[in-house]
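All of the numbers you see were taken from the coordinates with simple rules; none came from a lab. Nothing here was measured: the structure is a model prediction, and the numbers come from that model. Neighbour counts run over all protein chains shown; Cβ positions are idealised from the backbone, glycine included.
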Amino acid sequence: MFKLNLKIAFRNLFKNKVYAAINIGGLAIGLTAFILLLLFINHESDYDKWDPELSKIYQIREKHDFFTPDNKQYWQEAVESRIGALTREKIPQFKHVTKVDRIWGNGFSVKIANADPIMVTDFRDADSAFFKVFPYQFVQGDQLTALNEPNTMVLKKKMAVRLFGTDKVVGKEVKVVMWRNDKGRSFKITGVVQEPSTPESVDINAIMHTGDRDKDPESISNSNYCSVYGLAGNILDTTAMNKTLQRIYVDYKKSSFTQRKITYDDYYKNGKVPGLKLVPLQETHANPPFVNGWLQKIKPVIALSIFLLLVSVINFVNLATAQSVQRAKEVGVKKVLGSYRKQLVNQFLFESAIQSLLALFISIVLVELCLPSFNAHFDVTLSFWHSNQLIGIALQLIGVFVVVTLLAGLYPAVVLSNYNPVSVLKGNYERGFKGLALRNGLVVVQFIIAVTFMISIGVMHLQTSYVANKDLGFDRSKLINIQTNYEDDFANRIKKIPGVQYVATTTQVMGNTFNVPEEITYNNQVYNVNTVTVSMDALSALGVQVVSGRIFSSEYGQDTVNTVVLNQAAANLMGKNLVGKQYDIISEKEKYTFQIVGIIKDYHNEGFDKTVIPTVYKANDLGGTSNTNNLLIRFNTSNYQDIVKKIEAEWKRLYPDFPMQYVTVEDAFQKELESSRRLMQMVVLFSIISVILSLLGLFALATFLAKRKTKEIAIRKILGASDFQIINMLNRSFLILVLFANITSWPIAYILTRKWLEGFAYRIDMPFLPFLAATVLSVVVAVFTITLQARKAAISNPVDSLKYE
Amino acid sequence: MIKIENLEKVYKTEEIETTALNGINLHVKEGEFVSIMGPSGCGKSTLLNVMGLLDKPESGSYKFLETELLKLNDRERSNFRKRNMGFVFQNFNLIDELTVFENIELPLIYNKIPSAERKKLVNEIIERMNIVNRSGHFPQQLSGGQQQRVAVARALVTKPKLVLADEPTGNLDSAHGNEVMELLCELNETGTTIVMVTHSSHDASFSNRIINLKDGHVISEKINKGKTEELI
């Protein structure tokens, strides 16, 4: 029986090659998108799973407002270094606590003997307890003693091989240069650890033990920040632990304030609150401090993939039921010969299973083909065959296969097995409209999805081009940012290179922004503003637009002392006619007065999802105390590649041990746009596929209806209907469906795209054009598709069809 | 073998009620070859469908070898049908995707006959029907006469007690039609009971008894003397 059913299934597939191809191909495409998504979710949820001990590691997070994009409080991974000792002392549940430096700058330069320097990333300074908390497998060296001495280093295997060509490197020395004129520090390699089998949220290529992390700053008014991790004896009750931590933290803060002679209430005002908590290491990747976790980010992608799969499943159902007429006789005969209904349902489910299985195989091939570009596009490293989760993925795929088979196969199977043998064997196939409503409904759902996709493309395209062409408030062309501090000697040397217009520094530029909150008092009102420190030429170098007054200039000696420039947002906050006015910064003991000399147009230094915050610009000769690795160079020609080479040569002469790194501000800007652009590309791709699939579905339904109406068409033709009238008749019933789908998708698309637009601080008004265009396009394409099929029915010879009947 | 009493069947649509069978009484003896004739819409096909357990009457009794069949549920009807009955249709109703051999094999599979025995039985009947060289062909590759032979072979392969034939020659030319009728006669001679619905008095002349239906009633019954004498 099984063998026979298999034969019937394959012979049917071969007989209806086009349908089979549409059916299986469509499903394969839907599955491909779904599997890619599945791989991505698997990858993301696989973080920090490489050792069972990791479930007992906790990251400490502190609530504070430094290093934030908008000067508001966040739960941050960067915690004050004294928290390490505090938790070690007060939380007995922790067996070990370790402190690790945060990642600063863009990497270090590593020198081995006299070889050229190599830029490396994720070399992090940790205290001696690091490998007591993190259970890395040592290939070389000893886990417990590797970091006992200062100036020791443990490398990851890949890094060891990259630097030395081998992992047998214990005892060798490396010199790490942390910034361009750092003299460098030598480390003795005491261990090499295995690469973990799953991705990690704590990025390391090497752990350095300088010894600095073992101690905290001596003066209580100095503090520095690092990450703190604790290993507990067993899994902790985080809610209870967090209550304890909060209490300990508040006590600690109070006592430190007493020593620093500031009051608790003075520190925690304007809604600021103290906070300390722990987060299980395995949850940190899903809950990053500032941005949304990966699950939040890919929610639209999840929805897209599910919709696409749905569209392809609907297609499958539609095509299968449309074809069912051809199978009616088989059902009738089998029933007469004694087949049970259940056997028939099983047979047709089995056929769906064969098709989904074929689709699954094709989609696995497609996934393999797509993975390299998918990985490049989304900056991930997913793999399928080489994944260590292959068994898990295989089980998930079996699950998907079963669900898709049931979704796609059950309805056609039930319809088919319900055929009444008496009537089908007489040649009277079901002529009623039973089931047609459902098929129409499915086509409507498909079109709702497709039209919603099309509208979304339109809206997203308009918003993206609005953003891409929006005036940033500064001139991003001919501008590069060398990732280093401002230093007079170097700056003066490159100023002499022809083509260089300005050399400047600022704490705020697209791609690297460091905000410092400040309270200012103006007209007895207190305002919270953001302070940006710039060198004299920085605003000119950026090419900002002056609204009133002036920007800094070396003509005015006072400019490096107590004059400020406001941006429009700050000016709007503080009132009118501000140029020439003064404001104060009042600290506990002293009052500093600043004069406003100019107002500039707001300029963007982050993505368009964030508003430009009220900002005060202060000039400082050397870029000020907040030197944040920005060295802006403005050229007066757009052909500046040769000039960059000259700058590099100059750099190499001064800093031979540290390669120069720079980005163009244009690239930094493009990077800001990247995430919305990626989403848009994804939506475009998915919508094209879903529109094609929906049209195939419509095509199939038109075929089905044309077949059913063969007799009606023949009679009408005999009675004198023209081909055009026949085509018209067939089109009409579908047009109603497509129009209905359009009307339904308008509000859906409106709500979805509005929600998306709301994520942008700078956005277009909801445009009407995409709605109109999607509707016109869907109607035109639908008419074309149906006409293609209807024409065939219309021009056929009526005598043949009547004879056939 | 078959005792049908007071059989009634009504087709209902939203507006019209059509009485297809109106108190039919019919007895068929084992080994008999009965033809049912009558004008279009007289209920002859409905009667055949009820006898083949493909359709359910509103009331009446249908006993087959003393078993009341109208009380059976769907599954029991399927089981009874596949063990005791074979069908031959006007339009052959072979499954296009199966070869001649596989089409004939199908009822044996439903009767759970082991593979080796199936092969034997199918080969026997293929030989008997003189279609050996066609066993690997698909139905579309055969002439109408050959297709009907395959259909008859399929009806006979399970050695049913009753063969129901619905206008078996309706789609055939007279030469092929005669061949099929001769086949049915041969079959009848080996003891199989046959009930056949037909429009053709020529075909009916091959049977022992002719029953005429009109408007759901049996209006006359005729013993085919020639045949009966032959039989005697």
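Points to keep in mind about this one:
- Tilt relative to chain A, helix A:238-260 - C-alpha long axis, 0 to 90 degrees, to 10: 20 degrees
- Kirkwood hydrodynamic radius of chain B, Cα pairs, Å: 18.2 Å
- Antiparallel DSSP beta bridges within the protein assembly as shown, percent to nearest 5: 70 percent
- Karplus (6.51, -1.76, 1.60) ³J(HN,Hα), θ = phi - 60°, over segment B:27-41, in Hz, Gly and Pro reported as x: 10, 10, 8, 4, x, 7, 10, 10, 9, 10, 10, x, x, 4, x
- Average Cα contact separation per residue, segment A:466-535, under 8 Å, 6 or more apart, as relative contact order %: 22 percent
- Positive end of the dipole of segment A:484-660 (Cβ unit charges, origin at the Cα centre): among A:Thr484, A:Leu578, A:Gly499, the Cα lying farthest that way belongs to A:Gly499.
- Remark: segment A:41-47, residue by residue, has Karplus-estimated 3J(HN,Hα) of 5, 4, 4, 5, 8, 9, 4 Hz, where x stands for each Gly or Pro and the curve is 6.51 cos²θ - 1.76 cosθ + 1.60 at θ = phi - 60°.
- D_trans [Stokes-Einstein, Kirkwood Rh over alpha-carbon pairs] for the protein assembly as shown, 4 °C, 1.567 mPa s, µm² s⁻¹: 36 µm²/s
- Mean residue ellipticity at 222 nm, helices only, chain A: -16500 deg cm²/dmol; runs of at least 4 DSSP H residues each add -39,500 (n - 2.57), and the sum is divided by the number of residues.
- Between A:Thr615, A:Ala668, A:Pro280, the Cα set farthest toward the positive side of the dipole of the protein assembly as shown (charges on each charged residue's Cβ, about the Cα centre) is that of A:Pro280.
- Residue-count net charge about A:Ile494 - beta-carbon cut-off 9 Å; Lys, Arg +1, Asp, Glu -1: +3
- Amide H contacts of A:Lys95: A:Leu231, A:Ala232, A:Gly233, each under 5 Å away and 5 or more positions distant or on a separate chain (H built 1.01 Å from N in the peptide plane; Pro and chain starts excluded).
- Residues whose placed amide H lies under 5 Å from that of B:Val88, excluding near-sequence neighbours: B:Leu164, B:Ala165, B:Asp166
- Degrees between helix B:115-128 axis and first principal axis of chain B (Cα, 0 to 90, nearest 10): 80 degrees
- Compared with the dominant principal axis of the Cα atoms in chain A, helix A:641-654 is inclined by about 40°.
- Cα gyration tensor shape for segment A:75-162, rounded if a/c is under 1.5, else prolate or oblate: oblate
- Each Lys and Arg contributes +1 and each Asp and Glu -1, all at the Cβ; summed about the Cα centre of chain A, the dipole is approximately 3880 debye.
- Positive end of the dipole of the protein assembly as shown (Cβ unit charges, origin at the Cα centre): among B:Phe80, A:Gly557, B:Met181, the Cα lying farthest that way belongs to B:Met181.
- Exposure proxy shown here: for A:Phe361, A:Phe257, the number of other Cβ atoms within 10 Å sets the order, fewest to most, as A:Phe361, A:Phe257.
- Proxy reagent accessibility, fewest Cβ within 10 Å first, across A:Tyr762, A:Tyr19: A:Tyr762, A:Tyr19
- Under 5 Å, built H, 5+ apart or other chain: amide partners of B:Gly23: B:Leu7, B:Glu8, B:Lys9
- Counting lysine pairs in segment A:306-451 whose alpha carbons fall under 16 angstrom apart, excluding pairs fewer than 8 residues apart on the same chain, gives 4.
- Counting Lys and Arg as +1 and Asp and Glu as -1 over every other residue whose Cβ lies under 10 Å from the Cβ of A:Lys618, the net charge comes to -2.
- Here the dipole of segment A:52-285 is about 240 debye; that uses its Cα centre as origin and unit charges on the Cβ of Lys and Arg (positive) and Asp and Glu (negative).
- Ranked list, fewest to most other Cβ atoms within 10 Å of each Cβ, for A:Tyr264, A:Tyr486: A:Tyr264, A:Tyr486
- Integer Hz, Karplus 6.51/-1.76/1.60 couplings in order for segment A:720-725, x for Gly and Pro: x, 6, 7, 4, 4, 5
- If only the Cβ of Lys and Arg carry +1 and only the Cβ of Asp and Glu carry -1, the dipole of segment A:484-660 around its Cα centre is close to 420 debye.
- Relative contact order, percent, chain A [alpha-carbon distance under 8 Å, six or more residues apart]: 15 percent
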